[in-house]
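S.K.: Below you will find the structure I want to go over with you.
Bear in mind these aren't lab numbers, they're just calculated from the coordinates by the rules spelled out. Treat the numbers as computed from the prediction; the structure is a model and nothing was measured. So basically every Cβ, Gly included, is an ideal-geometry build from the backbone, and we count neighbours across all protein chains shown.
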Amino acid sequence: MQLTHLQPRLRPHAAALAPGLVVVALMLVWAVHDGGYDEDTWYWGALLVLGLLTAVVLARRIAEMRVSRAGLIALSAFALYVAWSYLSISWAESPGVALTGSNRALLYLLVFATMLVLPWTVRGALAALLAFALGIGVVAIVLLFRLASADRVAELVISGRLAAPTGYFNSTAALFTVEALVAIALAARRELPGPVRGALIAFACAGLQLAVIVQSRGWLFTLPLVAIVAIVVLPDRLRVAATAVLPVVGALLPVHRLLAVYQNTSGPALNHAAARAGHAALVICAVEFFVATLLAWGDSLVPPPRPNAARRRVVGTITTALAILAVAVGGITATHGHPVRFVERQWNGFSHPQTASSGSHFTDVGSGRYDFWRVSLDAFLAHPIGGLGQDNFDDYYVPRRRTVEEPSYTHSLELRLLTHTGVVGFALFAIFLVAAIVAAMPARRRPGLEAFVAGAALLPLVVWLIHGSIDWFWEIPALTAPALGFLAMAAALGTPVRAPAARQRRLGRRVGIAAGGAALLVAAVVVLGFPYLSVREVSIATNLRRTDPAKALSDLRIAADLNPLSPDPGRVGGTIALQTGRYAIARERFAQTISREPGGWYAWLGAGLAASGLGERSIARHDFQVARSINPKEAVIGEALARVGSRDPLTPAAALQSLVFRQ
């Protein structure tokens, strides 16, 4: 049966699909703009989703909205988590950073709430998942074309590894894994036309090939568990497993060319290796499209088997067992028949980072995560109830680190919750996740297409939770929004269908609800709007810093007023003033930054450089000493302190040339 036969009328699906596709489109925009990581990107997205949610609520009265009890618990727990996050600003060492992190959490709450209250139908949800999978699939094909044509490969590949489109290796691998899983799941459905199923298989193959080029060890180690959980989540497991064979085999065929990109890190060699990998991948994707389309056409001619619960259980058990066996065989093969020694070597490299590199990043050992997690646990034990404050890990880690890295995040979802918001935040978010999954289970247990769509909607969450347990995916909207947004869609599908009940509310109660809603809306607009305007001013000033530094400094003063908690305007303004010899202004701007983020070593260094430029050696020495106490491993601070009383002090220009700034 063709999809057109399943949709005799568009209107029942449009009420949810129209706003839902806006959210999906936003996910795609984030995906191609560095994963939506930059504040300049996700802030306006948050305001857009806020406006969309407001329009949905106004168009559909609250009494008419279908949300299950579990869904309400999930929404309430998430809202309480966000409220606790905002409350953490009061005890955070850097309130401005905590405000930004809380606003990002609010963005995800808005995405979840919008997708939850929409009146999703099965076919509307199927269309939303299709739009997402096909959209990311197109991105994958475009990237393969760019590799094949050697089109600015250095912008896509960093140190031999694919970073585009999210700008971060591991999130790129996770994004294309999500796309491949959803595409494979949807391609298994008879209801879809043959060419659509063929395109999904080709796109899944492209996503898996790009994930190989990324060479993310976190992706490699979590992929077996992701695959097993994905098979368990989906119904018709044997059919899904059979559908996955084609894209998986297609991704393995050019694996030597895909891995060879890592061995050629720059110049003509990189372009040549990327072109060879891109050409091979595109040819295989084209072949897979035609083969999958023909197979789908043949599949449509075979009558579907009659439902049999006992057979489904047996088939599901066998499929899961085969998946586990395949993972075990693949693990033994990948470790050259020595899985125990391989794990021992990886653990030794994990706990004792090494810098040696081999011909593949997959076989390299060494990671800073052991140290990140060590300090994260120390932070949680020191602040067990409320944590450090949202997103305040960076300044806590630097003085206690044993590595040369300066991570802003804990590289683990669970540790992020414990470290930033304590046991209270962890418990609230755990309640949210459990309740949301429970709300999605009724749709997952229903027969036919609905169960399949609900299962497919949970796949982004599977990747986000498992791979995100050892990485920082919360900060990347291109991953977190699909995980939580499609989870909400599955929960909405699981809501029992009831006839709308006539509810008579007193005038005072209606006015109270309206007033409360209006107050929340105004608060959300203020808490998102003014920081966004500040971010825009900082962005504009950064672009003007070379051509018109005076105008840039003026814009940064406005940015500081728009967000009186953020240290960014002062930090950027102080840097510009140092670069242009305005040392008095630099001292003023860095003093502002220190007042807003006293634990940031760079502001103390900048203040010391400004004082040195003004000839105030004692003040400069004090500022350098504070900076060194915060970050004793930074060589520039030590050099500045050693030379502050000499005839040849370290100049601001020389110091700035030695640093890589995050602005």
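S.K.: Per-residue ellipticity at 222 nm for the chain, helices alone: DSSP H runs ≥ 4 residues times -39500 (n - 2.57), over residue total, nearest 500 deg cm²/dmol?
M.R.: After summing the helix terms and dividing by residue count, I get -24000 deg cm²/dmol.
S.K.: What longest region of the chain stays clear of chymotrypsin sites (Phe, Trp or Tyr not before Pro) that DSSP places outside H, G, I, E and B and that have at most 16 other Cβ atoms within 10 Å?
M.R.: 92-660
S.K.: Please return the longest range in the chain lying between exposed loop sites, taking trypsin sites (Lys or Arg not before Pro), DSSP loop only, at most 12 other beta-carbon atoms within 10 Å, and leaving the sites out.
M.R.: Segment 153-401 is the longest.
S.K.: Working from Cα positions, state the angle (0 to 90°, nearest 10) between the long axis of helix 583-596 and the longest principal axis of the chain.
M.R.: Compared with the principal axis, the helix lies near 50 degrees.
S.K.: Would you mind giving the average projected area, over all directions, of the Cα convex hull of the chain in nm² with one decimal? Please report the intermediate quantities before stating the final value.
M.R.: Working: hull surface 126.6 nm².
Taking the Cα atoms of the chain, their convex hull projects to 31.7 nm² on average.
S.K.: What does the extension gain come out to for Leu58 and Thr265, with contour length at 0.36 nm per residue minus their alpha carbon separation?
M.R.: Answer, rounded to one decimal: 69.1 nm.
S.K.: Can you give the extra length, in nm with one decimal, that the chain gains between Arg647 and Ala519 once fully stretched, where that is 0.36 nm per residue apart less the Cα-Cα distance?
M.R.: Here the segment from Arg647 to Ala519 would lengthen by 40.0 nm.
S.K.: With point charges of +1 on the Cβ of Lys and Arg and -1 on the Cβ of Asp and Glu, referenced to the Cα centre of the chain, which listed residue (Gly194, His622, Ala274) lies farthest in the positive direction of the dipole?
M.R.: Comparing the listed Cα positions along the dipole, Gly194 ranks first.
S.K.: Next question. With a point put 7 Å past each Cα toward its Cβ, work out how far Val511 is from Gln579 in nm, to one decimal.
M.R.: Roughly 5.7 nm, to one decimal.
S.K.: Another question about this same structure. Hey, got the dipole for the chain? About the Cα centre, +1 on K and R Cβ, -1 on D and E Cβ, debye to the nearest 20?
M.R.: Charge dipole, the chain, about its Cα centre: 2000 debye, nearest 20.
S.K.: Could I ask something else about it? Relative to the first principal axis of the alpha-carbon coordinates of the chain, what is the inclination of helix 617-630, with its axis defined by its Cα atoms, in degrees from 0 to 90 and to the nearest 10?
M.R.: 30 degrees
S.K.: Something else now. With each pseudo-label sitting 7 Å past Cα toward Cβ, what's the Ile385-Asp151 distance in nm, one decimal?
M.R.: Going from the Ile385 label point to the Asp151 one covers 5.7 nm.
S.K.: Give me the distance in nm between label points sitting 7 Å out from Cα along the Cα-to-Cβ direction at Ala635 and Val245, one decimal.
M.R.: Result: 5.6 nm between the two label points.
S.K.: Still on this structure, please answer the following. To the nearest 10 degrees, how steep is helix 69-87 against the longest Cα principal axis of the chain, on a 0 to 90 scale?
M.R.: 10 degrees
S.K.: Mark the label point 7 Å from the Cα of Thr403 along Cα→Cβ and return the residues of segment 467-489 whose backbone N is within less than 19 Å of it.
M.R.: 467-476
S.K.: Let me ask something additional. Can you tell me, using C-alpha contacts under 8 Å and at least 6 residues apart, the relative contact order of the chain as a whole percent?
M.R.: Details: 1053 pairs, mean separation 118.3, N = 663.
Computed over the chain, the figure is 18 percent.
S.K.: State whether segment 75-161 is rounded, prolate or oblate according to the following rule on the C-alpha gyration tensor (a ≥ b ≥ c being the square roots of its eigenvalues): a/c under 1.5 gives rounded; otherwise a/b larger than b/c gives prolate, and the remaining case gives oblate.
M.R.: Taking the square roots of the gyration eigenvalues as a ≥ b ≥ c, segment 75-161 is oblate.
S.K.: Between Leu656 and Val527, 0.36 nm times their residue separation minus their Cα-Cα distance comes to what?
M.R.: The span from Leu656 to Val527 would gain 43.1 nm if fully extended.
S.K.: Sticking with this structure for a sec: If r is the Cβ-Cβ distance from Ser360 to Ser469 and R0 is 35 Å, what FRET efficiency results, to the nearest 0.05?
M.R.: After rounding, the FRET efficiency stands at 0.90.
S.K.: Right, something else. Quote the Stokes-Einstein diffusion coefficient, in whole µm² s⁻¹, for segment 547-657, based on the Kirkwood radius over alpha carbon pairs, a temperature of 25 °C and a viscosity of 0.890 mPa s.
M.R.: Roughly 179 µm²/s, to the nearest whole number.
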